[in-house]
Amino acid sequence: MSLKKIYFSLFLIGCFFLPFNDFEGFPVLGEFKNETGAFFFFAGFIVLIIECLMTGKIPIPYRSPLFKVLCLFLIWCFVTTLLNVDSVSQNFFKHTTGFSRFFRQYFSLTLSTVFFFIFYWNIVSKMSSSQILFTIRKILLLGLVFTFVYGFLETLIVIFHIGPLRPMLALFDYFPFLDVNYPSVDRISSVAYESPALGNYLITVSGWMFSYILTEKNKYRFLPTVMVLFLTFFSGSRTALINVGLQLFILIYVMYSMKEYKAILLNTLTYTVIIAFIALILNGQSIIKEIDKKADSLNFSKNLKDDVSNQSRFGMQYASLQVFKENPIIGVGFGQETYHKRKHYPGWAKNNNYEFKLLYENQNVKSFPTAYNLYTRLLAETGLVGISLWLFLIYLTISKSKLIWKEGKNEEKTLGLILLISFSGLSLNWMQTDFFRQYGFWLCFAILIKITNSLNHTSIYPKNNNSSKI
């Protein structure tokens, strides 16, 4: 088997295992300790490097404006830390120095945005638009089907309290990279370690699954979308409900703008009402109760008072903004936010909140407090310069995806819609998470560069693969 086939196979396996992180993992890998998909991506990257050493070339889209903006952002994350070297050298918290924290966080950043991205690029740059759409989507569908079967059984057990199904769910314990665990609340997490992690996965694959409605003609084309919406609803993840809802709105808006799909929308609405009516007859009380829970979970003003998690979330974001106000231009250095924001935790967030005492301010707990928002984190750590580069990058991804949807043909047009839905949902999702390991975003980023090169929208998008000498 050639090296290309090996790392291509590892890529596909990694895509299948994207949602799998509900097992102990390997603590030495830090935030990637139980990210199964990342294991295969990293293995594939190693095989790719071996091939590059043998050929003397490594394909990198160095001429792409998108890639150049990303490189500028990465350089600034390093530069702003150098500009804050005095404070970084004095930072110490949870037995971790400022320099140690920077190197760990910068490695995590480059692993997702450089190493994995280059791996994705070397996969998709050798594929046609048709191969990208149908091959990657099929693997993601297989992963979703597995996740749905597990999640459906978990829903019947956890939500609808059908205990006799527990032995059936226990069989999944024999599957690799998976430990069967039951959540302590009435929410499901399927093969992910918690509901928000499941929600993050659903946001990643929703665009791919929604596209089946547009490209297939059989009666099963709605099933991938139904699986996504089912898991989103019963996951109880507020972030997933909002983001997948936005992504679904984009799909509906696009379909409504196309005459050939207006009838499909009407039929879908009709069948949805019929199914909902039947479901209410069969188990109306439980379903109404679940709908009330989801609606109540979106009441942020109420949850801020009653929900400890929301107190921590908004408290962390508030503290990050205070750090930004003190260091508005260049920030405090990449990875240094926690050292400064812990002086700004608001009283309303810490009041009757056990998480601060047991986790965030506990020196014996090595994990650092999360920022709960990548944008407020970047404001604090990289200042106006860094956040401007990052927002410009996101703007380019969404605007170029929209352009591909409007001007592309056949599979390219469909991929444009998938990219638009994916980038929109994942960018919004960063308002609730502060990590860069959004595998779906960087995979879509590589696909976006590939298609813009192929379509040659402007003279600055060359058609070659841009190989660099080692």
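The values are calculated or read from the model by the stated rules, or taken from the named source; none is laboratory data. All values reported here derive from a predicted model rather than from experimental measurement. Note that we place each Cβ from the backbone using ideal geometry, even for glycine, and neighbour counts take in every protein chain shown. These accessible areas exclude ligands, DNA and RNA; they are computed on the full protein's heavy atoms, side chains included. Shrake-Rupley method; radii C 1.70, N 1.55, O 1.52, S 1.80 Å.
What pairs come up if the first residue lies in region 49-73 and is touching a residue at least 40 places away in the same chain (Cβ under 8 Å), the second is outside any helix (DSSP H, G or I) and open to solvent by 80 Å² or more (accessible area, probe 1.4 Å), and their beta carbons are under 6 Å apart, counting only those six or more places apart or on different chains?
Between residues of region 49-73 that are touching a residue at least 40 places away in the same chain (Cβ under 8 Å) and residues that are outside any helix (DSSP H, G or I) and open to solvent by 80 Å² or more (accessible area, probe 1.4 Å), the close pairs are Gly56/Ile470; Ile58/Ile470; Pro65/Ile460.
If I filter region 147-180 down to residues being open to solvent by 40 Å² or more (accessible area, probe 1.4 Å) and among the aromatic types (Phe, Trp, Tyr), which single residue comes out as nearest to Gly14 (Cα to Cα)?
Filtering first and then ranking leaves Phe177.
For region 20-28, does any single residue satisfy the condition of being touching a Ser or Thr at 6+ places or on another chain (Cβ under 8 Å), modelled with pLDDT of 95 or more, surrounded by 20 or more Cβ atoms within 10 Å (Cβ to Cβ) and under 24 Å from Tyr174 (Cβ atoms)?
Within region 20-28, one or more residues are touching a Ser or Thr at 6+ places or on another chain (Cβ under 8 Å), modelled with pLDDT of 95 or more, surrounded by 20 or more Cβ atoms within 10 Å (Cβ to Cβ) and under 24 Å from Tyr174 (Cβ atoms).
Please go through region 311-367 and pick out each residue that is among the aliphatic types (A, V, I, L, M), assigned to a helix (DSSP H, G or I) and touching a helix residue (DSSP H, G or I) at 6+ places or on another chain (Cβ under 8 Å).
Within region 311-367, Met316, Ala319, Leu321, Val323, Ala349 meet the criteria.
Where residues in region 57-109 are aromatic (Phe, Trp, Tyr), open to solvent by 30 Å² or more (accessible area, probe 1.4 Å) and outside any helix (DSSP H, G or I), which of them is farthest from Lys126 (Cα to Cα)?
Phe92
Have a look at Gln438, Gln432 and point out the one that is closer than 18 Å to Thr232 by Cβ, open to solvent by 20 Å² or more (accessible area, probe 1.4 Å) and either touching a strand residue (DSSP E or B) at 6+ places or on another chain (Cβ under 8 Å) or not β-branched (Val, Ile, Thr) (or both).
From the options Gln438, Gln432, the qualifying one is Gln432.
Mind listing whichever residues of region 110-166 are under 19 Å from Gly199 (Cα atoms) and outside any helix (DSSP H, G or I)?
Of everything in region 110-166, just one residue is under 19 Å from Gly199 (Cα atoms) and outside any helix (DSSP H, G or I), namely Ile159.
Are any residues in region 247-258 open to solvent by 60 Å² or more (accessible area, probe 1.4 Å) and assigned to a helix (DSSP H, G or I), and if so, which ones?
Those that are open to solvent by 60 Å² or more (accessible area, probe 1.4 Å) and assigned to a helix (DSSP H, G or I): Phe249, Ile252, Tyr253, Tyr256.
Of everything in region 309-332, what is aliphatic (A, V, I, L, M) and closer than 13 Å to Lys343 by Cα? Give them in sequence order.
Once the filter is applied, which keeps residues that are aliphatic (A, V, I, L, M) and closer than 13 Å to Lys343 by Cα, region 309-332 yields Met316, Ala319, Leu321, Val323.
Can you name every residue in region 181-198 that is surrounded by 11 or more Cβ atoms within 10 Å (Cβ to Cβ) and either free of Cβ contacts under 8 Å to residues at least 60 places away in the same chain or more than 27 Å from Asn429 (Cβ to Cβ) (or both)?
Within region 181-198, Tyr182, Pro183, Arg187, Ile188, Glu194, Ser195 meet the criteria.
Considering only residues that are open to solvent by 20 Å² or more (accessible area, probe 1.4 Å) and among the β-branched types (Val, Ile, Thr), which ones fall in region 225-246?
Val226, Thr239, Ile242
Examine region 204-224 for a residue that is open to solvent by 20 Å² or more (accessible area, probe 1.4 Å), part of a helix (DSSP H, G or I) and within 29 Å of Asp307 (Cα to Cα), and state whether such a residue exists.
For region 204-224, residues open to solvent by 20 Å² or more (accessible area, probe 1.4 Å), part of a helix (DSSP H, G or I) and within 29 Å of Asp307 (Cα to Cα): absent.
State whether the residues of region 217-229 include one that is touching a residue at least 12 places away in the same chain (Cβ under 8 Å) and in contact with a Gly (Cβ under 9 Å, 6 or more places away or on another chain).
yes
Listed here are the residues, each with its yes/no results for (1) in contact with a strand residue (DSSP E or B) (Cβ under 6 Å, 6 or more places away or on another chain); (2) more than 29 Å from Ser422 (Cα to Cα); (3) surrounded by 14 or more Cβ atoms within 10 Å (Cβ to Cβ); (4) not aliphatic (A, V, I, L, M).
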residue: Ile330; (1), (2), (3), (4): no, yes, yes, no
residue: Lys343; (1), (2), (3), (4): no, yes, no, yes
residue: Pro346; (1), (2), (3), (4): no, yes, yes, yes
residue: Ala349; (1), (2), (3), (4): no, yes, yes, no
residue: Glu361; (1), (2), (3), (4): no, yes, yes, yes
residue: Leu389; (1), (2), (3), (4): no, no, yes, no
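Please indicate, with yes or no, whether at least one residue in region 127-142 is β-branched (Val, Ile, Thr), open to solvent by 10 Å² or more (accessible area, probe 1.4 Å), touching a Phe, Trp or Tyr at 6+ places or on another chain (Cβ under 8 Å) and without any contact (Cβ under 8 Å) to a residue 40 or more places away in the chain.
So far as region 127-142 goes, no, none of its residues is β-branched (Val, Ile, Thr), open to solvent by 10 Å² or more (accessible area, probe 1.4 Å), touching a Phe, Trp or Tyr at 6+ places or on another chain (Cβ under 8 Å) and without any contact (Cβ under 8 Å) to a residue 40 or more places away in the chain.
Is one or more of the residues making up region 82-100 of a type in the set (Gly, Ala, Ser) and closer than 18 Å to Ser367 by Cβ?
yes
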